[in-house]
1. Size of the dipole of the stretch A:135-214 about the Cα centre, Lys and Arg at +1 and Asp and Glu at -1 on the beta carbon, nothing else charged, in debye to 20?
2. Based on the Cβ-Cβ distance of A:LEU57 and A:ASP150, what FRET efficiency does E = 1/(1 + (r/R0)^6) give at R0 = 51 Å, to the nearest 0.05?
3. If you place +1 on the Cβ of every Lys and Arg, -1 on the Cβ of every Asp and Glu, and leave all else neutral, what size is the dipole of the stretch B:74-186 about its Cα centre, to the nearest 20 Debye?
4. For A:VAL195 and B:LEU77, what is the calculated FRET efficiency with R₀ set at 51 Å and r taken between the beta-carbons, to the nearest 0.05?
5. Just for the Cα atoms in the stretch B:74-186, what are the lengths along the principal axes, largest first, rounded to whole Å?
6. What are the extents of the Cα atoms of the stretch A:117-248 along their three principal axes, in Å, largest first?
7. Between the stretch A:140-187 and the stretch B:106-174, what's the alpha-carbon centroid distance in Å?
8. Computed from the mean reciprocal separation of all distinct C-alpha pairs, what Kirkwood hydrodynamic radius does chain A have, in Å?
Amino acid sequence: MVKEARYLYSVARTGHEVMLGSIGIEKNNVYIVPYKDIAAIVHACDAKPYKTEDKKLAEGWVLEHSYVIDQATKMFGTVLPFSFDVIIKGNDDAVKDWLCRDYENLAGELLRVQGTAEYSIQIYCDHAYLETLVLAKNQELVDLKNRIEDGSKGKAYLLKRNLDMKLKNLTYSETGRLADQFCSEIKPLVKELKVSGRTSWTPEKYKEKKLLATYSCLVSDEAVKKLGEVLEAINCKEGFFVRFTGPWAPFSFVRLQETG
Amino acid sequence: MNPERESCLVEVLDRLLNKGAVLNADLIISVAGIPLIGVTLKAMIAGMETMLEYGIMEDWDKSSRELYASQETHIPLFPGEQILYKTFGYLREDEGLIKCWVPGIWNITSQRVILWVKTPGKVLFETPREELRILRVPASHEVRKELELIYPEGSARISLSERDEFEEALAWAAEATEVRKESELML
């Protein structure tokens with residue numbers, strides 16, 4: 001039976017027809033469909049989305065998809081990574097038609113991300129340490145703390161409540177100030193930066209720490225070393241910890257305009 | 001420092017399911033114009049609340065938050081009852097056909113622990129704070145932080161991103177009650 005759709009992994013800069021072998025989802029044969037100097041990296045599949053009730057199987061598919069993107073990056077340099085389960089209706093000609101129609105857009109994006117990669121930065125801090133810093137710097141809080149130690153139980157309770165609230169607010173604004181400061185140190189070294197208030201995963205060693213900031217950065221290959229130095233300096237500050245991972249394909253930075 | 005190529009499965013899933021380029025619906029497999037890009041997988045792997053946490057449904061979340069904001073309702077309190085602490089969280093609903101995590105605002109008051117849903121204005125769970133005990137549920141999930149609330153009539157499983165703070169607030173509220181009782185006795 002002829003497979004009437006194409007599962008799309010990424011778009012790369014290459015003009016040659018290459019076989020990547022059986023490295024695709026469920027060992028599908030991955031190959032490229034070229035148009036001019038760009039190409040889509042695909043495997044032939046049925047015109048229906050990948051769907052299963054089996055979680056392990058689904059996770060396996062996602063990892064296989066990720067592996068193909070890594071291999072394509074090794075072969076062709078930075079690629080435009082596609083999300084899981086993007087399946088183009090039709091055969092190789094349909095893929096070629098799309099490449100032809102969207103050529104300017106795709107080639108432009110490939111040029112924009114050429115020689116770059118995505119890196120992920122998470123900055124954690126020791127919350128208790130930050131609080132002691134804030135407390136030490138603020139005379140009003142120091143006075144309040146002293147009055148708690150001298151006061152009766154009931155009064156001490158009210159004062160403690162007041163102190164906790166003030167300390168919490170001040171620590172919160174200090175966190176914001178530090179995040180801004182680190183961001184301004186990182187920003188000049190990267191081509192693009194996206195701030196996120198969350199992270200999908202926290203390694204065990206940072207579990208007790210507070211997440212100060214998460215950044216996704218598009219970084220030129222030659223700027224990675226310098227960025228590493230800046231992050232090292234942050235990591236060396238007492239009470240701060242940096243997790244720096246990559247390089248990844250530019251998942252957070254591909255912008256494709258809608259074509260009619 | 002050098003970047004590490006360390007990535008756990010959750011991060012790979014986050015990248016591949018939530019990020020990366022997509023194409024418009026007329027080119028790709030879709031149903032009624034809705035692209036089927038990993039929709040089923042996202043739902044299955046991540047689960048609804050995780051999708052919120054990961055931001056998959058950020059737009060939905062934003063609009064529902066706006067809806068919450070637009071419909072002002074107030075939590076019914078006893079005379080003299082004060083809200084001491086509140087935080088966003090979930091209650092595990094295991095009864096009935098659908099087992100799910102119900103979102104709402106967890107309130108610790110001077111008398112009770114209440115799960116309040118602002119829209120349409122409904123108390124989903126309440127128990128007197130006195131005689132309430134809490135237990136930490138071991139992490140069965142990378143992200144969710146769960147607690148077991150144990151009260152005389154039964155128990156409930158809840159999930160909070162600010163679990164530590166909630167525990168502290170509860171301990172603090174208990175302490176405050178003790179202090180108040182003592183001062184009332186003195187009077």
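Laboratory data are not the source of any read-out in this text; all were calculated from the coordinates shown. What you are looking at is a predicted structure, and each value in this text was computed from that prediction instead of being measured. FYI the Cβ positions are ideal-geometry reconstructions off the backbone, even for glycines, and counts take in every protein chain you see.
1. On the way: 18 positive and 11 negative charges, 51 e Å.
Around 240 debye, computed over the stretch A:135-214.
2. 0.20
3. Values: 15 positive and 20 negative charges, 82 e Å.
I would put it at about 400 debye.
4. Working: r = 38 Å, r/R0 = 0.75.
With a Förster radius of 51 Å, E is 0.85.
5. Computed over the stretch B:74-186, the largest-to-smallest principal extents equal 51, 32, 25 Å.
6. 62, 27, 21
7. A separation of 26 Å, based on Cα centres.
8. On the way: mean 1/r = 0.0459 Å⁻¹.
Computed over Cα pairs of chain A, the Kirkwood hydrodynamic radius comes out at 21.8 Å.
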